[in-house]
1. Find how much the distance from TYR47 to ARG81 grows on full extension, using 0.36 nm per residue of separation minus their present alpha carbon separation; answer in nm with one decimal.
2. Principal axis lengths of the range 25-143 from Cα atoms, whole Å, largest first?
3. Just to be sure I understand the model, the point goes 7 Å from the Cα along the line to the Cβ. What's the resulting GLU54 to ALA164 distance in nm?
4. Give me the percent relative contact order of the range 1-92, please, defined on Cα pairs under 8 angstrom at least 6 residues apart.
5. If I fit a long axis through the Cα atoms of helix 202-212 and take the longest principal axis of the Cα atoms of the chain, what angle between them do I get, 0 to 90°, rounded to 10?
6. Using Cα centres only, tell me the gap between the range 228-248 and the range 138-185 in whole Å.
7. May I ask which residue of VAL183, VAL229, ASN16 lies farthest towards the positive end of the charge dipole of the chain, with charges of +1 (Lys, Arg) and -1 (Asp, Glu) on Cβ and the Cα centre as origin?
8. For the chain, set up a Gaussian network in which alpha carbons nearer than 10 Å are linked by springs, and say which option among ILE20, ILE136, ILE92 fluctuates the most.
Amino acid sequence: MFSLQGQKALVVGIANDHSIAYGCARALREAGADLAITYLNDKAEPYVRPLAEELGAELILPLDVQDPAQEAAVFEAITKRWGRLDTLLHSIAFAPRDDLHGRVIDSSAKGFGLAMDVSVHSFLRMIRRAEPLMEIGGTCMTVSFQGATRVVEHYNLMGPVKAALEASVRYAAAELGPKRISVHALSPGPLKTRAASGLAEFDALLDAAAERAPTHHLSSIEDVGAYAVFLASREAANVTGGVHLIDGGYGIVG
């Protein structure tokens, strides 16, 4: 129903075939979008490149968001190859281990700042670079979690970080709405991804989520990908600024 034929999409954040970003990239491609896919560094490339090639990505580029030169190079390559961008999918987050596993009030200024820069400000930087490539409109998406709005045990520092990310989505949506650029946060329930596995007691969180969700099913990367396709489609052109729960109803009973 939702065709993305001819659209150009940048997907940032694939680590492996369990990544939310990979589920979104696959869904975008199946809906007809042409892809640009990034990988973090040389260590990540052997895991990401085969997936990107399998999806027929036209651009496969390194991107460490702490490196301004790499960020600029990605958007320069997109400009040269396509001259436009229709969809940006940002699915990256980071916090230093000691800060993530400790109390929020004990987090270091350096660790807090780094988590905010990688997880939040990088999305804003990418939107700013994407804006001139979205002359006829476009869609920018990031990934959040329910720990942004309520306390989730062991989520710790990432709670305030995701809260800032969701606030950034709202402000960016308000600023870019007149240009027909929509901004969204996808908020799945607990998912078994490599990033999530860094949280303490994560398996217990998965079990509790499946038990309490009205559907009694955990979200999948396919669920998130399907929603991303809708938001990237013309049918969702008048939808913006939302935090979209994709969690089997877990958010209404949590």
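1. Details: separation 34, 0.36 × 34 = 12.24 nm, distance 2.41 nm.
Contour length minus the Cα-Cα distance gives 9.8 nm.
2. Cα spread of the range 25-143 along its principal axes, largest to smallest: 46, 32, 27 Å.
3. Reported label-point gap for GLU54 and ALA164 is 3.5 nm.
4. 36
5. 90
6. 13
7. Of the listed residues, the answer is VAL183.
8. ILE136
Readers should treat all values here as calculations from the given coordinates under stated rules, not as data from a laboratory. The structure presented is a predicted model; accordingly, all values stated were derived computationally and were not measured. Note: ideal-geometry Cβ built from the backbone for every residue, glycine included; neighbour counts use all protein chains shown.
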